[in-house]
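Just so it is clear, none of the values below were taken in a lab; they were calculated from the coordinates. Predicted model only: the values in this text are computed from it and were never measured. Cβ atoms come from the backbone with ideal geometry, glycine included; neighbour counts cover every protein chain shown.
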Amino acid sequence: MLQPLGPDGGMPSGADCLHAIELQGLWHRFPGRSGGSEWTLQGIDLRLEHGELVGLLGPSGCGKTTLLRLIAGFDWPERGVIHLAGREVAGPTHCLAPERRGVGMVFQDYALFPHLTAWSNVCFGLKHRQNSARAAWLLNLLGLSELAERYPHELSGGQRQRLALARALAPEPAVVLLDEPFSNLDVEVRLRLRSELPTVLAQCGTSGLLVTHDPEEALAICDRVAVLHDGRLHQCASPQQLVHQPATSFVGRFVLQGNVLPAWWQGSDLHTLLGPVPTLSPSSPPRQRDPEASLEVLVSPDDIEIDADDSGAAKVMGREFLGRTWLYQVEQGDVRLRVRRPMDLPLQIGQHCGLHLRPTAVLKTFPADSSLQPTLVTT
Ligand code: ATP
């Protein structure tokens, strides 16, 4: 359970601040913002250990870049404290300039100096310009030694992003912030570069905070993943924990790509629009028999049976070919579900069908989102 401080809550103490990054009760809003919550970030608490790679995962507009900008020093949090390597860099009374924070940045669009060679781009970031040994080491680490004399426009997208990483790491930052660094790269380059990132950071002894909206990317390479939604941190946990114990229905829907269905009690059985729930996850909350209780269940796309049925209540709205399976988008009432089935099931778009839960399905229950308080995310 993550319980941030309120916007008017007491300021946290500076004790125990020897983490690479420590965010305590961060609140931020942009002037003149209207619609939805006025707060872009709401009470963010997050710690990165030294040497850790943490993914900051969430949908577009949830506040990922805003959080990165606060850590880098481009913006000042309205409330809360930021410590970097034990040093307070932003708080109620002061805000250290970005160049004095010892943070490296890697952006989606590389942000290299176009008039400098690869070598000079890396040397530009060195604390002591004469320390060419580190520049040579970094170019070698990132497989760019042969390309040191080339200008950015003479490099491929993947090579440019490697160079951007080398330049960010040159001044030996304690932390590097990466804002969707792989999103401009083609699939093959993206997969290669992302699998190399943890090793490169480990070799440099640098912690990383990696912004991404791709759950697969975050789960694949990060030590822990922090899931952000509408400015609130829903869960920060290892990839394994996120998959097996999603803290909220949003985490289940966004990270696991699961279906979240409303559920209600009928006697001692929990029902959904797909019928009674066969088995609840052992980690689910104790069964509430209150017929008025508003619950949600998380259902994997693999746990729904689908059969062609001209009188069925559901309708296939779309389908994607995933190589070995089909992923169907199916609508029943006002609920849209994802259903994954083997290749041998030839359902066409527009076809009516029947849906039901597989008897072996194990579902996890959540309280309805409406029970989440503005400053509190709870399981
Ligand atoms: P994406 O994945 O699309 O880059 P994000 O999670 O990084 O999104 P942010 O860029 O942090 O999202 O934006 C969070 C919210 O704050 C959005 O609603 C955005 O419109 C708003 N926002 C960002 N910058 C400003 C600004 N300078 N002024 C006003 N609103 C802003």
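Using only DSSP helix segments of four residues or longer, with each worth -39500 (n - 2.57), what per-residue ellipticity at 222 nm results for the chain after dividing by its residue count and rounding to 500? Write down the numbers at each step before the final one.
Values: 8 runs with 76 residues, N = 379.
When only DSSP H runs of four or more count, the value is -6000 deg cm²/dmol.
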Which order do peptides 195-208, 142-155 fall in by mean Cβ count within 10 Å, highest first? 195-208, 142-155
Taking other Cβ within 10 Å of each residue's Cβ, how do T66, T325, T93 sort, fewest first? T93, T325, T66
Could you let me know the centre-to-centre spacing of the stretch 151-180 and the stretch 130-150, using Cα atoms, in angstrom? 12
Per 20 angstrom bin, beginning at 0 and ending with the bin that holds the maximum distance, the Cα pairs of the chain fall in percents of 25, 49, 24, 2
The size of the Cβ-based charge dipole (Lys, Arg +1; Asp, Glu -1) of the chain about the Cα centre, to the nearest 20 debye, is 820
Nearest 10 degrees, 0 to 90: what angle lies between the long axis of helix 132-141 and the longest principal axis of the chain (Cα atoms)? 30
Just to confirm the number: angle between the C-alpha axis of helix 187-204 and the first principal axis of the chain, 0 to 90 degrees, nearest 10? 60
Could you give the Stokes-Einstein D for the stretch 131-285 in µm² per second, using the C-alpha Kirkwood radius, 10 °C, 1.306 mPa s? 86
